[in-house]
Amino acid sequence: MCIVSVISVISVAKNVCPNLVWSDLEAKKSMKLNFRVNGVEREIDAPPMKRLLDALREDLRLTGTKEGCGEGECGACSVIVDGEALNSCLAPVCQMQNANIITVEGLARDGKLDPLQQAFLECGAAQCGICTPGMLIAARALLDANRRPSRDEIKEAIAGNLCRCTGYVKIIDAIEQAASAA
Amino acid sequence: MSFSPSLGFAKLFLPSPSLLNFMALDSTAFSPTSLDEAYELLTRFVSQAKIIAGGTDLMVLMNARQLNAERFIDIWALNELRGISDEGETIRIGALTTYTQLIKSPLIQLHAPALAEASRTIGAIQIQNRGTIGGNIVNASPAGDSLPVLAAFDAEVEVGSVRGVRRIGFNEFYTGYRKTVMAADEIVLAVRAPKLKPGERSFFYKVGTRRAQAISKIVMAVKAKTTDGMINSINISLGSVAPTVIRAPQTESLLANATLNDEVIWQAATHLSKEVSPITDMRSTEHYRRKVARNALAKILSQMV
């Protein structure tokens, strides 16, 4: 698009939207975003419709979060945003302003694994590993809201996370073990 | 888009997520912080901007390169579109209310329980945390799982624009496959569902490939009032059996004032299987959908006896 037409779009929009500041309209290719990731304040410049998944993996080099299907079916890209699990492949980064994001990298604290990670290890709840970050995140979101979930509640909580290796039993065992250890 | 120097060359040949998504990176997104700002943006850009809320439908299309827009209006921050409120006879549900909020709402559980039930069958938790009822309405999919409930409840959609607010009966809202009566500069503000009256019950039934994450092969909602096995009133609605979510007026009138017994139930259910107009597609066949429509209604009616 030529510069003149960009300017004309901006100036017309500016007239119609007196409440909008210039920076909103200049956010054509990228915008400044501030959010907290795993307890650390981060700032990135990113196109507003960039997927949170890509912002995490490319801008912040947090590659623990995986892409599976890219359509919200498999849960591999799950992260916790403001206390709720979501699929980061379906969230544009412009909706993350001031959000509190937890990825799989944020589960271990001070070199100590999260009880869920420990239980996944002990129960053999990972084989190929591609679903594991999403499983851990979905399980973390569950245990944060419900410290002693039933087996059915665990199944419900990971219903949006596909695993093609373990058959789920060991994953459910691991989440149950982590809950009872807590 | 930017390539990192270390990965740049490989990325040109490997379908990295950002390459697949490259069109989105050229898009602008406006994030209005008030409804008035959103109206102004919609007035300016009309159909040249796409509204995004929870993104659970729209981002799927974008990731699959089936949708691209130069401008998006991100309404996620419009808190005035959130919340479930008791208005006496009706429950008002803000457009940005998520399925998780519907599932957890005591007002919904009490006054429109089928809506909570439908919300529980949509996607899984990650989708329920983000997907909104307003999004389900404007996405206008014949398979939208909350829609038969809204149709069976005779809900009302509240839409707004710079011209003001208007209310549209849910059963007049869709005009064809993925078509609605909304103007290009309008936005859904809320949906109102009448509360269940004494003696009324609501039912929801969905058949998908599996319990979670499944798009419906067929979905049904019923609202009915019965006295001692006699039907005083009944609203039957279905999804995934026609170009839009539909009501089944013939079967409804067949059942009005009927006393339920095995024969009446079977007759009505068989009639419904002929009243619907499903197609064969990737998710199911016409034959299967007609049979399941019949069986689903029989199952629901037998719960009323």
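Summary of computed values
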quantity	calculated
Complete set of residues in the stretch B:29-63 that are at the interface with chain A (Cβ under 7 Å from one of its Cβ atoms) and touching a Gly at 6+ places or on another chain (Cβ under 8 Å)	B:56, B:59, B:60, B:63
Among residues of the stretch B:222-250, those that are over 14 Å from residue B:171 (Cα atoms), out of contact with any Lys or Arg (no Cβ under 9 Å at 6 or more places or on another chain) and not in a loop (DSSP other than H, G, I, E, B), counted	2
Selection from the stretch B:186-212 of residues that are within 15 Å of the chain's Cα centre (by Cα) and polar (S, T, N, Q)	none
Residue match in the stretch B:169-178 (condition: of a type in the set (A, V, I, L, M, F, W, C) and either part of a strand (DSSP E or B) or under 23 Å from residue B:299 (Cα atoms) (or both))	no
Test: residue B:127 is within 14 Å of another protein chain (Cβ to nearest Cβ) and in contact with a Lys or Arg (Cβ under 6 Å, 6 or more places away or on another chain)	no
Candidates B:159, B:138, filtered to the one that is over 13 Å from the mean Cα position of the chain (by Cα), within 15 Å of residue B:182 (Cβ to Cβ) and of a type outside the set (Lys, Arg)	B:159
So residue B:39, is it within 20 Å of residue A:52 (Cβ to Cβ) and at pLDDT 90 or above	no
Selected residue (criterion: farthest from residue B:131 (Cα to Cα)) from residues of the stretch A:108-132 that are crowded, with 16+ Cβ neighbours inside 10 Å and in contact with a helix residue (DSSP H, G or I) (Cβ under 6 Å, 6 or more places away or on another chain)	A:123
Criterion: in contact with a helix residue (DSSP H, G or I) (Cβ under 6 Å, 6 or more places away or on another chain), under 28 Å from residue A:155 (Cα atoms), not hydroxyl-bearing (Ser, Thr, Tyr) and not in a loop (DSSP other than H, G, I, E, B) - qualifying residue of B:219, B:188	B:219
Top-ranked residue in the stretch A:141-155 [being within 19 Å of the chain's Cα centre (by Cα) and within 12 Å of chain B (Cβ to nearest Cβ); ranked as farthest from residue A:115 (Cα to Cα)]	A:145
Sole residue being among the β-branched types (Val, Ile, Thr), within 23 Å of residue B:28 (Cα to Cα) and touching a residue at least 24 places away in the same chain (Cβ under 8 Å), chosen from A:93, A:104	A:93
Strands (runs of 3 or more DSSP E) wholly inside the stretch A:33-138 containing at least 2 residues that are within 14 Å of chain B (Cβ to nearest Cβ) and farther than 26 Å from residue A:178 by Cα	A:40-46
Residue in the stretch B:61-74 that is surrounded by 14 or more Cβ atoms within 10 Å (Cβ to Cβ), touching a residue at least 60 places away in the same chain (Cβ under 8 Å) and touching a Pro at 6+ places or on another chain (Cβ under 7 Å) present	no
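Residue by residue, here is whether (1) more than 29 Å from residue A:136 (Cβ to Cβ); (2) buried (at least 23 other Cβ atoms within 10 Å of the Cβ); (3) at pLDDT below 95; (4) basic (Lys, Arg) holds:
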position	(1), (2), (3), (4)
B:92	yes, no, no, yes
B:99	no, yes, no, no
B:103	no, no, no, no
B:110	yes, no, no, no
B:113	yes, no, no, no
B:117	yes, no, no, no
B:128	no, yes, no, no
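The values are calculated or read from the model by the stated rules, or taken from the named source; none is laboratory data. None of the values given here were measured: they were computed from a predicted structure. Positions of Cβ are backbone-derived with ideal geometry, glycine not excepted, and every protein chain shown enters the neighbour counts.
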